[in-house]
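Peer 1: Okay, here's the structure, questions in a sec.
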Number of protein chains: 2
Amino acid sequence: MSHQPRPDLLRLDLQLCFTLHAASRAFGGVYRRVLRETELTYPQYLAMLVLWEHGEMPVKKLGEYLRLDSGTLSPLLKRMQTAGLVQRERSAQDERSVTVRLTAEGEALREKAQDIPLKVGEASGLDMEEMVDLRTRLQRLTATLDAALAEEADGA
Amino acid sequence: MSHQPRPDLLRLDLQLCFTLHAASRAFGGVYRRVLRETELTYPQYLAMLVLWEHGEMPVKKLGEYLRLDSGTLSPLLKRMQTAGLVQRERSAQDERSVTVRLTAEGEALREKAQDIPLKVGEASGLDMEEMVDLRTRLQRLTATLDAALAEEADGA
DNA sequence: TACCCTTTAGTTGTGCACAACTTAATTGTG
DNA sequence: CACAATTAAGTTGTGCACAACTAAAGGGTA
């Protein structure tokens with residue numbers, strides 16, 4: 001139980017939330033540069049990664065992977081469709097659902113994107129062990145924060 | 001030198017960038033809820049923290065603290081001015097510069113915001129040591145990523 | 001002094017995140 | 001079966017991030 005209200009904690013927390021914010025944007029900057037030739041934005045690239053790995057799926061499921069709702073995904077997918085990367089089709093089984101599918105062009109982009117993670121990995125200056133460790137901590141942190149949010153949503 | 005192009009590394013990197021993105025948004029969600037009664041957004045809160053701690057300063061300097069440019073800060077400060085939290089004034093010494101100053105209302109908000117870091121710290125489930133460690137790693141990561149970006153900007 | 005170059009804010013346009021809402025289809029229950 | 005509740009996707013509106021640009025002021029040098 002190390003949550004005593006020490007004044008130190010207050011400033012440190014400030015700096016953690018801020019550094020997390022800053023680190024995320026710094027990563028975004030690197031991806032933006034590396035992704036330039038693919039014409040993809042960073043969030044679009046994340047969506048492509050999911051589709052490359054898992055194949056076609058409903059918007060709903062894609063949102064679960066990406067932790068995004070339809071308010072973000074619908075316009076994003078519309079832009080990706082305009083760019084010719086994906087195709088959307090109402091499911092026959094469930095007319096509410098829309099299946100997102102890679103086009104041939106979207107599938108082909110996989111080749112061009114092959115070396116992106118390596119480039120970004122090099123820019124991060126982290127070795128494998130550090131990456132795994134940081135990833136694990138962040139996943140745990142996200143889960144805890146989400147749980148705290150959900151809990152308070154129920155309580156209130 | 002542990003940057004061999006192992007296939008493992010590629011997937012891990014994917015997950016690091018994504019988890020960072022997700023963690024940042026999860027933090028945003030917690031702040032959004034905790035900040036609700038202050039009428040501040042998360043980025044506005046960060047700006048207030050800088051002003052509470054360091055007092056009035058030019059937009060330029062605030063941007064250095066927050067790692068943001070005028071394209072983001074100008075409209076953000078305009079909204080904060082409309083909300084009555086800050087005041088902007090052209091510098092007499094250098095007519096290009098604009099000084100951002102807290103209003104009495106902005107200064108007063110400090111009281112209401114006093115317990116926010118503690119609430120968020122609790123929601124994060126981290127103890128002090130973990131926070132410091134994570135913060136340090138993220139600051140180092142951000143610095144490395146920024147350096148890689150700046151380097152390539154010069155090179156190209 | 002005249003000119004160029006830099007610096008500081010601000011504006012415009014695009015895309016993402018998210019809350020609140022709408023629409024349409026499905027499910028559950030009396 | 002009828003009808004309320006739920007679910008999936010989309011729409012609308014607000015705010016942030018960032019690139020590209022403009023406007024205006026300052027600084028340096030021929």
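The values are calculated or read from the model by the stated rules, or taken from the named source; none is laboratory data. The structure presented is a predicted model; accordingly, all values stated were derived computationally and were not measured. Note that each Cβ is placed from the backbone with ideal geometry, even for glycine, and that neighbours are counted across all protein chains shown. Heavy atoms of the whole protein, side chains included, go into the accessibility calculation; ligands, DNA and RNA do not. Shrake-Rupley method; radii C 1.70, N 1.55, O 1.52, S 1.80 Å.
Peer 1: Given a 1.4 Å probe and heavy atoms of the protein chains only, how would you sort A:PHE27, A:PHE18, largest accessible area at the top?
Peer 2: A:PHE18, A:PHE27
Peer 1: Take every residue in peptide A:48-55, count the Cβ atoms of other chains within 10 Å of its Cβ, and give the average of those counts.
Peer 2: 1
Peer 1: Towards the positive end of the charge dipole of the stretch B:88-131, with charges on Cβ (+1 Lys, Arg; -1 Asp, Glu), say which of B:GLY125, B:SER91, B:THR103 has the farthest Cα.
Peer 2: B:SER91
Peer 1: Keeping all protein chains in place, calculate the accessible area per residue for chain A (probe 1.4 angstrom), answer in Å².
Peer 2: Values: 8430 Å² over 156 residues.
Per residue, chain A has an accessible area of 54 Å².
Peer 1: Using protein chains only and a probe of 1.4 angstrom, how many square angstrom of B:GLU111 are accessible, to the nearest 10?
Peer 2: 140 Å²
Peer 1: Another question, then. With each label point set 7 Å from Cα along the Cα-Cβ vector, what nm distance links A:SER70 and B:THR103?
Peer 2: Between A:SER70 and B:THR103, the simple spin-label model gives 4.0 nm.
Peer 1: Moving on to the next point. Just to be sure I understand: chains A and B are related by a rotation, so which residue of A has its Cβ closest to that axis, and how close in Å?
Peer 2: Closest Cβ to the A-to-B rotation axis, residue and whole-Å distance: A:SER24, 2.
Peer 1: Sorted from shortest, what are the nm distances separating the label point of B:GLU89 from equivalent points in the other copies, each placed 7 Å from Cα along Cα to C-beta?
Peer 2: So the label point of B:GLU89 gives 6.6 nm to the other copies.
Peer 1: Right, something else. Would you tally the net charge around B:ALA23, using a Cβ to Cβ cut-off of less than 12 Å, leaving B:ALA23 out, and scoring K and R as +1, D and E as -1?
Peer 2: +4
Peer 1: For the interface of chains B and A, what total accessible area is buried with a 1.4 Å probe, rounded to the nearest 100 Å²?
Peer 2: 6700 Å²
Peer 1: Continuing with the same structure: Could you tell me what percent of the accessible area of chain A is made up of carbon and sulfur, with a 1.4 Å probe and every protein chain present?
Peer 2: So the carbon and sulfur contribution to the accessible surface is 51 percent.
Peer 1: Heads up, I need the accessible area for B:TYR42: 1.4 angstrom probe, whole protein in place, Å², nearest 10.
Peer 2: B:TYR42 has an accessible surface of roughly 30 Å² with all protein chains in place.
Peer 1: Next question, about the same structure. What does the copy distance list look like for A:GLU39, label position 7 Å along Cα→Cβ, in nm and ordered from shortest?
Peer 2: For A:GLU39, the inter-copy label distances come out at 4.5 nm.
Peer 1: What percentages make up the Cα-Cα pair-distance distribution of the stretch A:44-156 when the bins are 5 Å wide from 0?
Peer 2: 2, 9, 16, 17, 17, 14, 14, 8, 3, 1
Peer 1: Please work out the FRET efficiency for the pair A:ARG79 and B:LEU149, using the Cβ-Cβ distance as r and a Förster radius of 22 Å; give the result to the nearest 0.05.
Peer 2: The calculated FRET efficiency here is 0.30.
Peer 1: Something else now. Per-residue ellipticity at 222 nm for the protein assembly as shown, helices alone: DSSP H runs ≥ 4 residues times -39500 (n - 2.57), over residue total, nearest 500 deg cm²/dmol? Present the calculation step by step, with values, prior to reporting the outcome.
Peer 2: Values: 14 runs with 218 residues, N = 312.
Taken over the protein assembly as shown, the calculation gives -23000 deg cm²/dmol.
Peer 1: Build a GNM of chain B with springs between Cα atoms under 10 Å: which of B:THR136, B:THR38, B:THR99 gets the top mean-square fluctuation?
Peer 2: Of B:THR136, B:THR38, B:THR99, the Gaussian network model singles out B:THR136 as fluctuating most.
Peer 1: Residue separation times 0.36 nm, minus the C-alpha to C-alpha distance between B:ASP127 and B:GLU89: what's the value?
Peer 2: Values: separation 38, 0.36 × 38 = 13.68 nm, distance 4.16 nm.
Here the answer is 9.5 nm.
Peer 1: While we're here: What is the projected area of the convex hull of the Cα atoms of the protein assembly as shown, averaged over all directions, in nm²?
Peer 2: Working: hull surface 79.6 nm².
Spelled out: convex hull of the Cα atoms, projected over all directions, averaged, 19.9 nm².
Peer 1: Separate question: Taking A:LYS78 in one copy and the same position in all the others, each labelled 7 Å out along Cα→Cβ, what are the pairwise distances from the first, in nm, shortest first?
Peer 2: Here A:LYS78 shows inter-copy label distances of 2.5 nm.
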